[in-house]
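One structure is given below, encoded as structure tokens.
The values are calculated or read from the model by the stated rules, or taken from the named source; none is laboratory data. Nothing here was measured: the structure is a model prediction, and the numbers come from that model. Cβ: placed from backbone, ideal geometry, glycine included. Neighbour counts: every protein chain shown. The accessibility values were calculated without ligands, DNA or RNA, using every heavy atom of the protein model including side chains. Shrake-Rupley method; radii C 1.70, N 1.55, O 1.52, S 1.80 Å.
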Amino acid sequence: SAILAVSAMTSSKYSGAAGSAGAAITVEALTKRYETVTAVDGVAFAVRQGEIFGFLGPNGAGKTSTINMLTGLARPSSGRITIRGIDCSKNPKAAQHLMGVVPDESNLYPELTGFENLCFCGALYGMRRPQRERRARELLAMFGLEHAADRGFGAYSKGMKRKCTIAAGIIHSPEILFLDEPTSGIDVASARQIRRLIRDLNAGGTTVFLTTHYIEEAERLCDRVAFIVDGRIVALDALDVLMRDTEGREIVRFEVADPALLEATQSEVQAAFSEFRCSVEKAALRVESLDRRPLRIGPLVRHLEEQGLEVLEARRLRPSLEEVFVRIAGIEPERMSDDAGAELQRGGSS
């Protein structure tokens with residue numbers, strides 16, 4: 001079975017959610033060092049054929065360093081990578097014909113049109129002119145870019161650039177698609193459309209390896225998720241398994257008429273209901289059970305009103321993948337959106 005390693009010495013702690021036999025990607029003891037800095041530290045996992053595999057972690061955790069090694073853009077310091085049975089350890093480019101790669105920043109040419117960029121990428125993969133032109137038109141239509149086919153790529157919006165870059169990554173119909181932060185920095189509507197396109201590609205048989213620091217995106221898209229923190233994988237499993245430990249815990253969000261009063265009363269509420277965790281987030285009070293103890297809304301509402309707070313709404317929330325990540329990794333969600341320079345300072349990029 002696939003092995004999930006927190007480090008090379010403790011890899012036996014985790015057991016396989018996916019067998020390596022017939023896997024699209026198998027990684028063993030993969031390590032990347034930059035001089036004295038270790039950006040990726042002995043990670044191991046297997047990606048099943050036909051799944052969407054999420055690689056989730058804060059900026060600087062080692063996500064991009066890992067994806068660069070898998071796609072042949074960086075050579076591992078040690079470890080082994082096998083892609084569809086091809087050992088890429090000694091020849092990183094041996095399996096590149098099976099891959100489509102969409103980097104976190106577009107690598108297309110601003111002076112070329114969208115159509116010309118796609119045709120150029122098709123030529124790089126050895127596609128004949130009629131084939132690549134036909135495929136380029138198909139993809140432009142699929143991504144809703146036909147109207148901009150003959151417009152310079154440099155004039156595209158961020159969302160349009162992202163969609164065209166993904167189209168370029170799948171021009172040759174790859175078996176495995178690597179997506180590095182596919183919806184980072186784009187508008188909500190474009191992000192929603194890209195997530196829908198990813199699902200459609202996967203439904204058509206494409207294996208997707210997705211890196212993201214958006215926890216909600218991983219929860220919406222992925223079959224299995226690996227959490228990577230400081231170059232080490234700290235958990236890997238199917239979403240339903242990762243969520244299992246949150247079953248029975250309850251979370252209630254209280255919206256109040258005057259959110260400014262919440263900060264002043266939070267410590268008092270926490271003291272009165274010490275069996276729960278109370279916190280203020282997004283101008284509302286969040287109360288979470290810690291030990292599967294029933295969380296009764298009535299007493300909390302009465303107490304808040306006694307403190308002078310008018311409760312507008314009390315809503316039960318389902319524990320999310322965010323809860324799992326915070327519990328396992330010990331990292332608050334805010335760190336997931338920190339500036340992307342963190343791993344650059346450590347020697348890589350994420």
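Descriptive notes on the structure:
- With respect to (1) at pLDDT 85 or above; (2) basic (K, R); (3) open to solvent by 60 Å² or more (accessible area, probe 1.4 Å); (4) within 19 Å of A314 (Cα to Cα), the lone exception for R199 is condition (4).
- Test: residue in the range 146-159 that is open to solvent by less than 50 Å² (accessible area, probe 1.4 Å), at pLDDT below 95, within 17 Å of F209 (Cα to Cα) and of a type in the set (G, A, S): no
- Selection of the range 221-273 for residues being assigned to a helix (DSSP H, G or I), under 30 Å from the mean Cα position of the chain (by Cα) and under 23 Å from L290 (Cβ atoms) yields L239, D240, V241, L242, M243, R244.
- Residue tally, condition part of a strand (DSSP E or B) and over 15 Å from the mean Cα position of the chain (by Cα), over the range 167-202: 1
- Residues of the range 100-135 satisfying the condition of being in contact with a Ser or Thr (Cβ under 7 Å, 6 or more places away or on another chain) and not in a loop (DSSP other than H, G, I, E, B): V101, V102
- In the range 100-133, residue modelled with the highest pLDDT [restricted to those that are polar (S, T, N, Q) and open to solvent by 30 Å² or more (accessible area, probe 1.4 Å)]: Q131
- Filtering G50, G72, G62, G57 for residues that are at pLDDT below 90, closer than 23 Å to L177 by Cβ and not polar (S, T, N, Q) leaves a single hit, G57.
- The residues of the range 311-323 that are surrounded by 12 or more Cβ atoms within 10 Å (Cβ to Cβ) and farther than 17 Å from S289 by Cα amount to a single one, V311.
- Some residue of the range 82-99 being at pLDDT 95 or above, open to solvent by 40 Å² or more (accessible area, probe 1.4 Å) and outside any loop (DSSP other than H, G, I, E, B): no
- R196 vs. criteria over 28 Å from L295 (Cβ atoms), basic (K, R) and without any contact (Cβ under 8 Å) to a residue 12 or more places away in the chain: yes
- From the options A283, A272, residue that is under 23 Å from V256 (Cα atoms) and modelled with pLDDT of 85 or more: A272
- Candidates A61, A29, A44, filtered to the one that is closer than 24 Å to F325 by Cα, part of a strand (DSSP E or B) and open to solvent by less than 30 Å² (accessible area, probe 1.4 Å): A44
- From A189, A218, residue being surrounded by 15 or more Cβ atoms within 10 Å (Cβ to Cβ), of a type in the set (A, V, I, L, M, F, W, C), over 22 Å from C119 (Cα atoms) and modelled with pLDDT under 95: A218
- Hey, L221 out of contact with any Asp or Glu (no Cβ under 8 Å at 6 or more places or on another chain) and in contact (Cβ under 8 Å) with a residue 40 or more places away in the chain or not: yes
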